[in-house]
Amino acid sequence: MSKRNRKPVKKQLDFSDKILKILSQNENKVFNYKQIGAKLELDDTQSRNQIIKDLKLLASQKKIEEVEPGKFVVVGTSKDYYEGKIDMTGRKTAYFVCPDFEEDVFIPTNNLNHALDGDTVKVYVYNRRKGKKAEGEVIEVIERKKTDFVGVIDIQKNFAFVSTANPKMYTDIFISKDKLGDAENGDVVLVHIEDWPTRADSPFGKVIKVLGKPGQHDTEIHAILAEYGLPAEFPVEVEAYAQKIDTTIQENEIKNRRDMRDVLTFTIDPKDAKDFDDALSFQVLENGNFEIGIHIADVSFYLKEGTILDDEAYQRATSVYLVDRVVPMLPEVLSNFACSLRPNEEKYTFSAVFEISNDAQVVNQWFGRTVIHSNQRFSYEEAQQIIETKKNTIPESISITGSAYEVSDEIVAATLKLDELAKILRKKRMINGAISFDKVEVKFNLNTNFEPVGVFFKISKDANHLIEEFMLLANKKVAEFIGKQKKTFIYRIHDEPNIDKLISLQTVIAKFGYKINLKSKDEISKSLNSLLNEVVGKKEQNMIDTLAIRTMSKAKYSTDNIRHYGLAFDYYSHFTSPIRRYPDVMVHRLLQYYLDGGKSADQEVFETKCLHSSIMEGLATNAERDSIKYMQVRYMQDHRDQEFLGVISGVTEWGIFVEIIENKCEGMVRIREIKEDYYTFDEKQYALVGATTQNLLQLGDEIYVKVKNADLVKKQLDFHFIRSNE
């Protein structure tokens, strides 16, 4: 039956899930069909007869027991019922994730009982006998992960349905005529699920915002933000509050700070950056050591706790960096002006100042509030020019001013010495077991209409590493300073890699002649670094980089310090980016509180804030990834007739994923589209195998493809298979 002829209530009477829920919530009580009918508020003959049938069915399935004629109780004890989360791996495949089980429990689609991806649920687990794979049935949805969804609306005569592009959303959403708002047929809308009646296939929702027409640039970008519950703009009252903040530099405040305005100071940032939240100062001391200051915008001076501005910043927790825009954590008056360490302006900062020897040993350290005056703003390209040429001339081709200019000899000398020290610091980190992930980032050249006219790759060079090493030093030393005092603090932690994922990685890379040593933590990090260095410039680099990153645990915020595996630091925090990360603001506040002699803060309060910050960081990362995928699809729309050489980056039973070498855009060649032979999936070889030719299409193979379909709404590319690159 077509969707156009569907009616809102479609499901035949079936109360099994509700009966099971009632009995499981009342484990020690016995119920007959009348009592269950009363609980369900049903007393008509049809419903009563269905309840009797469902009771008999559940009893035959051994889920409930008829202890007396017509009286039923749930089978087993509470140990058969578990709380956990639903993980949809596709529209038709679901698993129950719970700490009580080593392996995830399979949930048949008809046992989801209205649970959606990420929901916290109560599940009845059965088939737990030895040799049997456990399965489960959702008894109760305890908490929805999300109730707002983005999709395209299909308006019919008396009602509408919203279909989402989310591959994990297995149902559309029913919208009654009075809940359409201003939506027109075919619009991309944000809907809120209000209810999901027992006998309805689809949840009932309400249109809360019209985002625009599918395929339009602003519509798709706003749809990405809305899908993850991220705001596109600030509330009017928050902007108004920010505008009233006094951002002038006051003499009475300078007296409370260490005055470093006369020390040589400069910033190094991307050429298109608007907020500069970190600066470096440099001077040579009489004893031959160097005083190096890492100066960070003092956001906490302006962002006062308990204000609507602080509440908004906390809720956002992070800035979001999409392909065409930044959705900032703070209003522009702070992020781009008052807190931005712009050249030739006095700024309030929070600083970590180190005395460092010629072999990059930290001899002394100081933390506190300062005032600085930045002498120069550099882009990474300009700083790189100084490092590579050791000259003070910045050519017009890379100048952020638009014309060639000369840098003072003092700044050149400082940059070269900082680069030298950074390389020593980096080498020490690698020796100590840090893992060097320098994955290539895909960037787009956009025209004035935000259309992608070119693709380029962001690669870290010495100038990037210079800034990275001194930011890492500040973050490490701040965390170490408080951590050794055993006081509550916010750490950036990173657990050891997942051994099962490492074994899977080993299997894949063996096909390319690589291997990793899994004997110990030290050997793992050494061999991972060796692998990442070995694949640089190879056709399989991006794929192996990606697979290696996936073996890693996700870094997160916590008051429980378990160290940072990837950086090989025992103590690590985030101190250096308070304009764009709320945890850094909290770190500044805690650090100042402890410098003033404060006692250890409430760990439980800050752990809750850490969890929120980690969640919001994950949502922002997903939105950023989706925006890149959207732009890749949009870029490939204009290259439909072009053949591309790609690398097979994934193999599944449905087909092969192919990453185009020249632009890193990834799409799928579906198995049925490969006409040269009949191919089947061989899981052991991570390959498709031709039935007649025995030809293999496996990870890392190069093939030629053309665009078959570029779907902006689904952010999905489909390719035609042209031929292998023999």
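The values are calculated or read from the model by the stated rules, or taken from the named source; none is laboratory data. The structure displayed is predicted, hence computed values, not measured ones. Cβ atoms come from the backbone with ideal geometry, glycine included; neighbour counts cover every protein chain shown. The accessibility values were calculated without ligands, DNA or RNA, using every heavy atom of the protein model including side chains. Shrake-Rupley method; radii C 1.70, N 1.55, O 1.52, S 1.80 Å.
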Using the Karplus equation 6.51 cos²θ - 1.76 cosθ + 1.60 (θ = phi - 60°), what ³J(HN,Hα) coupling, rounded to whole Hz, does each residue of the range 194-200 give in order, writing x for Gly and Pro? 9, 7, 9, x, 3, 9, 9
Classified through the alpha carbon gyration tensor (a ≥ b ≥ c as square roots of its eigenvalues; rounded if a/c is under 1.5, else prolate when a/b is larger than b/c, else oblate), the range 425-571 comes out oblate
Restricting the count to DSSP beta bridges whose residues both fall in the chain, what percent are antiparallel, rounded to a multiple of 5? 90
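Once you charge only the Cβ atoms, +1 for Lys and Arg and -1 for Asp and Glu, what is the size of the charge dipole of the range 405-544 about its Cα centre, to the nearest 20 debye?
On the way: 24 positive and 19 negative charges, 140 e Å.
Its charge dipole is roughly 680 debye.
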Say the dipole of the chain comes from +1 at the beta carbon of Lys and Arg and -1 at that of Asp and Glu; which of 216, 175, 349 then lies farthest toward its positive end? 175
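Have a look at the DSSP beta bridges in the range 265-377 and tell me what percent are antiparallel, nearest 5. Intermediate results must be reported in sequence, preceding the final value.
Values: 30 of 32 bridges.
In the range 265-377, approximately 95 percent of DSSP beta bridges are antiparallel ones.
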Taking every DSSP beta bridge with both residues inside the range 96-177, roughly what % is antiparallel (nearest 5)? 95
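For the range 314-472, what class follows from the C-alpha gyration tensor (a ≥ b ≥ c being the square roots of its eigenvalues): rounded when a/c is under 1.5, otherwise prolate if a/b is larger than b/c, else oblate?
Details: a/c = 1.34, a/b = 1.23, b/c = 1.08.
Taking the square roots of the gyration eigenvalues as a ≥ b ≥ c, the range 314-472 is rounded.
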Using modelled backbone amide H atoms (1.01 Å from N, in-plane), which distant-in-sequence or interchain residues come within less than 5 Å of residue 695's amide H? 690
Compute the distance in nm between two label points, each set 7 Å from the Cα along the Cα-to-Cβ direction, one at residue 272 and one at residue 424. 3.7
Taking every alpha carbon pair in the range 383-470, what does the distance histogram look like in 5 angstrom bins from 0, in percent? 3, 12, 16, 17, 18, 14, 11, 7, 2, 0
Quick one: 3J(HN,Hα) in Hz for the range 658-664, Karplus 6.51/-1.76/1.60 with θ = phi - 60°, rounded, Gly and Pro as x. 10, 9, 5, 5, 7, 9, 6
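Among 468, 312, what's the order by accessible area (1.4 angstrom probe), most exposed first? Could the numbers behind the result be given before it?
On the way: 468 70, 312 35 Å².
Solvent-accessible surface, decreasing: 468, 312.
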Square roots of five times the Cα gyration tensor eigenvalues for the range 141-273, Å: 47, 17, 16
All lysines inside 16 Å of residue 63 as judged from Cα atoms, apart from same-chain residues fewer than 8 positions distant: 18, 21, 29, 53, 71, 79, 122
Once every DSSP H run of n ≥ 4 in the chain is given -39500 (n - 2.57) and the sum is divided by its residues, what mean residue ellipticity at 222 nm do you get, rounded to the nearest 500 deg cm²/dmol? -9000 deg cm²/dmol
Can you give the charge dipole size of the chain about its Cα centre, rounded to the nearest 20 debye, using +1 on the beta carbon of Lys and Arg and -1 on the beta carbon of Asp and Glu? 2480
Positive-end residue, the chain charge dipole about Cα centroid, Cβ charges, pick of 442, 163, 319: 163
How big is the gap, in Å, between the Cα center of the range 93-157 and the Cα center of the range 638-667? 33
Give, in nm to one decimal, the length gained when the segment between residue 480 and residue 98 is fully stretched (0.36 nm per residue of separation minus the Cα-Cα distance). 134.1 nm
For the range 678-726 and the range 428-483, distance of Cα centres in Å: 33
Table column - 3J(HN,Hα) (Hz), the range 317-324, Karplus curve with 6.51, -1.76, 1.60, x for Gly and Pro: 6, 7, 7, 10, 9, 8, 4, 10
Could you calculate the FRET efficiency of residue 247 with residue 678 from 1/(1 + (r/R0)^6), where r is the beta carbon distance between them and R0 is 60 Å, rounded to 0.05? 0.30
Pairwise FRET efficiency - residue 184 versus residue 451, Cβ, R0 = 25 Å, nearest 0.05: 0.50
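Indicate the gyration tensor shape class of the range 28-121 (rounded, prolate or oblate), computed on the Cα atoms with a ≥ b ≥ c the square roots of the eigenvalues: a/c under 1.5 is rounded; otherwise a/b larger than b/c is prolate and the rest oblate. Provide the component values of the computation, followed by the final result.
Details: a/c = 2.56, a/b = 1.75, b/c = 1.47.
The shape class here is prolate.
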For the chain: relative contact order, % (alpha-carbon pairs under 8 angstrom, 6 or more apart): 9
Show me, bin by bin at 20 Å from 0, the whole-percent P(r) of the chain based on Cα pairs. 14, 42, 34, 9, 1
So, with +1 on the Cβ of K and R and -1 on the Cβ of D and E, and no other charges, what is the size of the charge dipole of the range 131-256 about its Cα centre, to the nearest 20 debye? 520
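What FRET efficiency do you get for residue 691 and residue 722 if R0 is 25 Å and r is their Cβ-Cβ distance, rounded to the nearest 0.05?
Numbers: r = 20 Å, r/R0 = 0.82.
Result of the calculation: an efficiency of 0.75.
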With respect to the cross-link table entries 526/629; 477/515; 461/539; 145/629, which display a Cα-Cα separation exceeding 28 Å? 526/629; 477/515
Considering only the other residues whose Cβ falls under 12 Å of the Cβ of residue 248, what net charge follows from Lys and Arg at +1 and Asp and Glu at -1? -4
Distance between the range 240-306 and the range 25-61 - C-alpha centres, whole angstrom: 69
